[in-house]
1. Report ³J(HN,Hα) in whole Hz for each residue of the range 4-14, in order, from the Karplus equation J = 6.51 cos²θ - 1.76 cosθ + 1.60 where θ = phi - 60°; Gly and Pro get x.
2. Is any residue of the range 198-219 close enough, with backbone N under 16 Å, to a label point placed 7 angstrom from the Cα of residue 133 along the Cα-Cβ axis, and if so, which?
3. Please give the length that would be gained between residue 145 and residue 22 if that part of the chain were fully extended, namely 0.36 nm times their separation in residues minus their C-alpha to C-alpha distance (nm, one decimal).
4. Let a ≥ b ≥ c be the square roots of the eigenvalues of the Cα gyration tensor of the range 120-162; is it rounded (a/c under 1.5), or, if not, prolate (a/b larger than b/c) or oblate?
5. Taking the simple approach of a point 7 Å from Cα along Cα-to-Cβ for both residue 199 and residue 46, what is their distance in nm?
6. Net charge near residue 215: determine it from the other residues with C-beta under 9 Å of the C-beta of residue 215, scoring Lys and Arg +1 and Asp and Glu -1.
7. Does the range 2-49 classify as rounded, prolate or oblate by the C-alpha gyration tensor (a ≥ b ≥ c root eigenvalues; a/c under 1.5 gives rounded; else a/b over b/c gives prolate, otherwise oblate)?
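Each value in this text was obtained by applying a stated rule to the coordinates, not by laboratory testing. Since we're looking at a predicted model, the values are computed, not measured. Methodologically, a virtual Cβ is constructed for each residue, glycine included, from the backbone with ideal geometry; neighbour enumeration extends over all protein chains shown.
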Amino acid sequence: MAFHAVVSGLTPLIPVPFLDEYALRRVREQMVRAILRERALSAPDRTVTVLAGLYPRQGSRLQQFASKAALFSLRLAWRKAYRRLATALWVKDCVDMASISLHHGYLLQHALERGDLDALNLATEDTARRVHSAIDAACKELDARPVNQILRRLFDGSRLLVDELSKALENWNGAPRTPKQDEDQEVASLAERLAAAMWEERGYFQSLESLYVKHLQSR
């Protein structure tokens with residue numbers, strides 16, 4: 001789960017509108033399948049899509065495209081100011097995407113541990129929609145700043161993230177990013193550090209679990 005959260009946080013580094021969103025959706029679906037496999041479970045593609053959720057970045061797809069085009073124009077006009085602004089926006093996007101995946105992955109694990117999802121009801125979308133709706137409501141109710149601060153510290157100190165941001169800012173050509181040779185090792189390291197930091201926030205995640213149960217029972 002921590003691994004997929006980190007990978008989700010890297011999807012905004014793809015400087016191509018729509019392609020970054022597609023990559024995020026694929027990572028979230030892979031996370032759902034991996035969590036189910038840990039319990040020897042599987043689900044139809046449509047159920048996996050429901051549990052993965054669809055979380056576009058703020059604004060419509062047209063607004064997303066316009067914002068990236070605007071950042072390009074800004075780079076041409078004010079290079080230093082552009083770098084600061086673009087870096088801040090990109091890091092925030094990375095944190096937000098990682099945070100969403102982390103919270104939803106954690107509560108999906110909790111739902112499976114509680115028995116809210118099993119081999120029988122995973123065969124259809126009805127229970128999955130109810131569980132996902134409760135997960136979404138719980139995440140929206142709880143202030144995510146403690147986890148977001150952890151993620152920001154991780155990403156701010158990531159050589160991978162800094163290098164990729166620098167590359168994107170220097171060479172805006174609309175091409176997908178190319179993974180580095182040692183990228184898997186750094187992603188694994190970030191995931192391990194994230195998992196350790198989560199253990200220090202046990203109270204936070206217990207509150208998240210309680211909110212999930214509350215919303216599930218109300219549905």
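1. Coupling constants for the range 4-14: 5, 5, 5, 4, 4, x, 8, 4, x, 6, 7 Hz.
2. From the range 198-219, the list is 212-219.
3. Numbers: separation 123, 0.36 × 123 = 44.28 nm, distance 2.61 nm.
So the extension gain works out to 41.7 nm.
4. On the way: a/c = 5.85, a/b = 2.19, b/c = 2.68.
Oblate.
5. Rounded to a tenth, the inter-label distance reads 4.2 nm.
6. Working: positive: 214, 219; negative: 136, 141.
Surrounding charge for residue 215 is 0.
7. On the way: a/c = 5.54, a/b = 1.81, b/c = 3.06.
Here the range 2-49 falls in the oblate category.
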